[in-house]
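Here the structure is laid out as C-alpha cells; the discussion comes afterwards.
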Amino acid sequence: MSTRTLPLLFLNLGGEMLYILDQRLRAQSIPGEKARKGERRSLFVFAVMNDIISAMFKKNFIEELFKPQDLYSKKALRTVYDRLAHTSIMRLNQASMDKLYDLMTMAFKYQVLLCPRPRDILLVTFNHLDAIKDFISDSPGILNQVDETFRQLIETYNCLSDGEFQLIRQTLLIFFQDMHIRVSIFLKDKVQNSNGRFVLPISGPVPWGTEVPGLIRIFNHKGVEVKRAEFTTAGNYSTPQKEGSFELYGDRVLKLGTNMYSVTRPVETHMAGSSKNLASQAKENIVPNPLAKEELNFLARLLGGLDIQKPAGGETGFRLNLFTTDEEEEHAAQTRPEELSYKVINIEATQEPGRREELSRILGELEVAEPRPGSAEKGEDLLALMDGL
Amino acid sequence: QAAWCEFPSRVLLVLTSQLGVQMYESDGSTMVFWHALDVPEHPAAHSVFARGIAAAGGRFVCVGTSSGAVLVFDIPPKGTNVTLSEVLEQHRDPITDIAAEQGQAPDGAGDLVTADDSGTLCLWSTGEEFTLLGKIPGSGCTCSSVTLWNGIVAAGYGNGQIRLWEAGSGRIRAQVNAHARWIYALDLAPLSGKLLSGAEDSFVHVWQLSRNPDTDDIEIRHCHAERVTDTQVCGARFCDPAGDTFAVTGYDLSEILCYGPA
C-alpha cells in the first residue's frame, strides 16, 4: 500500500467537511431574526470557517501529514475531525458529528471511485483547495498557509507515475471498502442506488490519454498497419476536450471535488439497511488497535498546541445541528445502528505515568464549558453570542 | 495477490503482500515457504511489496517486487526445500504482472514475460539460468496485466488498451481500444486462444486470438461483451481451459460472478 496517501485523504475529507459546515451554517436560520443580526451572522460564519481552516493548514500539522506513513485507522481519523470541527466556537452533538463524518466520507469515496485516471485524484484535491481559498480569500495569513500546502502537494505528487497513483487510489478504496451509507443528495441526483452503491456511468468523456473503445488495428511483421476492425458495446463515450491543470492556478476541468451543496438543499443520510457487510466493519471497531492510542497521542499533541477558542463571557459555544430539528438529531442519536457507531476513543489521562502530565495539559487546553441548564434555546445562545462579538 | 502454480508433481498456492511471498500446499494446510522482503524501519516514500506471480519452466515460481526485481524460486517435487535461485534485475519500475507461455512457443521466442509500471516488457527463456531475450520499452502507460500464448504477448494497459506483441521480434502486431478505464485483469484460455479482459469501466470482454502458422498473421477479434453494472472489475478468470465460462470479481463486491454459455 502507498505511504503517501494520508495528505490526500485528510485534505479532501477536510474540504468536504468545510462544504457541509458552510452550507449548514448559512442554512440554520433563526426565526424572527432581524436584518441587523443577519449581517452579524455572516461575520460569524466567516469566523468559524476561518478558525477551522487555520487549524487545518497549520504549518507543523501539514509537515507531519506529508511524512511518508500508513493511513490512520478509521477511529483515529474520525477523532482528528472531531477535534478539528471544535477548534472554533461551533459545537456539534455526537449525532450531528456522526452525520457530518458520514457525508464527508461518502462524498470522497464517490470522488475517488469516479476519478477517470488515477492521477485525477490530484485534480479533485486541487478543486477542494481552490474552494477553500475562496472561503478565506479575505485572510491573507491563512491564504498563505493554504498556498504553501498547495505548493507542497505539487512538489510531492506531480512527478509520481500512473502506477504510483493507482496504488494511492487502491489504498484509499480499501479504506472506504464496504461503506454504503445512503446520502439523499446522491440518491436524488441518481449517482447512488438505493442499495448504497454508486452508479458507474458508461457514457461521457473518456479519461485524458485513453481512446474511445471500439477500434482494433492489426499490423504485419514489418509493423505496417494492414487491417482495421470495429466492435460495439453498450457504452457511449466521447473524446475529452482538454486536460485539467495541475498548476497552482488553472481550470481543473474535472467537476469532482467541487462544492455540490447549496443553501437550499438539505442533506440527509439513511442508516437503515445501509450496508450488507457490517460484520467486517463491526469487527474492526471491536478489536482494539494497539497503535490507535499511540496515533491519538501524537495527533492530540499536535492539535493541543492550537489556540482553542473559548466562547466570550463563559457563554456556551454556538451549537450547529446537521439535522433540520433538534428532535431529529435526538432521534438519530438513539436509532443509530450499533455497528455503525464510530466509537471515538477517549484518551485515558491516567494510563501511562510518563504521558500523564502532557496529556492532562493538552486536555485542559481542549476543555470547553459544558452547556448550562436552562440555556437550551438555540436562538437565545446565538443572540447572546452576537451581542458579545 | 494469490495464484495457483502448477507443476508436474504438485500444486502450490502462492501469495504476495507488503511483507513478502508465502507458499502453501494446495489445500492450504501447510505453509511450505516464505520469503520476507526487506522492509525499512521507518516508512519510506516508495512502497515495498511483492506483486506478479507465475509458474515457469515446470520448476520455478517467479515473483515480482516493487523495486523491479523478479525473484526466481526453485521448487522441489515435494517438501519445503524451496530456494531462491536467481534475482532478475532488468526492470527499473515496480513489477505489475508476470506470465508464462501457455501454449507452444515458436523457436526463438521466450517462455516468460514480465511487465512493470512504466509499460516495459521483458522476455525471458527459463532454465537453470534465465536469459533475457528481448525488451519492449514502455510508452509512458502502465502495463497492468500480461499473458503469453503461442509466442503472442497480450498486454493490458492503464489507458484501457490491449496490445499484442510478437514475443520473438518484440514488434507490435495489434492495438485494441478495448476499455474506457484502467484494465485490471487479463486471462487466457490455452485450448482455444480466447482472451478475457476486465477493467474499471465495469466491462468484461472476451476476445479471440489467432496465429496463422504459415503466414504468421496474428489477429484479435471481439467475441463478447458483459457489463457488470456499477462495478469496477478487479479480477477476471476463465474457469475452464477452453474459455467457455469465466468468473468476475469487483470492488465492494462480496460475490464472485460466474458467466457461462446460455
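Throughout, read-outs are computed from the coordinates displayed, never taken from laboratory work. Model, not experiment: these values are computed from the prediction. Quick reminder, even Gly has a Cβ in these numbers, built from the backbone with ideal geometry, and neighbours come from all protein chains shown.
Per-structure values
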| item | result |
| --- | --- |
| For A:203-213, mean number of other protein chain Cβ atoms within 10 Å | 6 |
| Order of B:Lys78, A:Lys109 - criterion: other Cβ atoms within 10 Å of each residue's Cβ, fewest first | B:Lys78, A:Lys109 |
| Packing-based exposure ordering (other Cβ within 10 Å, fewest first) of B:Ser202, B:Ser254 | B:Ser254, B:Ser202 |
| For region A:178-203 and region A:40-86, distance of Cα centres in Å | 27 Å |
| FRET efficiency, 1/(1 + (r/R0)^6) with R0 25 Å, evaluated for A:Arg197 and B:Trp34 via beta carbons | 0.10 |
| Local electrostatic count at A:Ser2 - Lys and Arg +1, Asp and Glu -1, tallied over other residues with Cβ under 14 Å | +1 |
| Gyration tensor (alpha-carbon) shape descriptor, region A:92-201, a/c threshold 1.5 | oblate |
| Equivalent ellipsoid semi-axes - Cα gyration tensor, region B:90-259, angstrom | 25, 18, 14 |
| Relative contact order (%) - criterion: Cα under 8 Å, at least six apart; region: region B:90-259 | 14 percent |
| Per-residue mean of C-beta atoms belonging to partner chains within 10 Å, peptide A:161-173 | 5 |
| For region A:208-239 versus region B:3-46, the gap between their alpha-carbon centres in whole angstrom | 38 Å |
| Over 22 Å between alpha carbons, listed pairs A:Lys109/A:Lys190; A:Lys74/A:Lys99; A:Lys99/A:Lys190; A:Lys75/A:Lys188; A:Lys99/A:Lys188 | A:Lys75/A:Lys188 |
| Region A:49-100 pair-distance distribution - Cα-Cα, 10 Å bins, rounded % | 22, 49, 27, 2 |
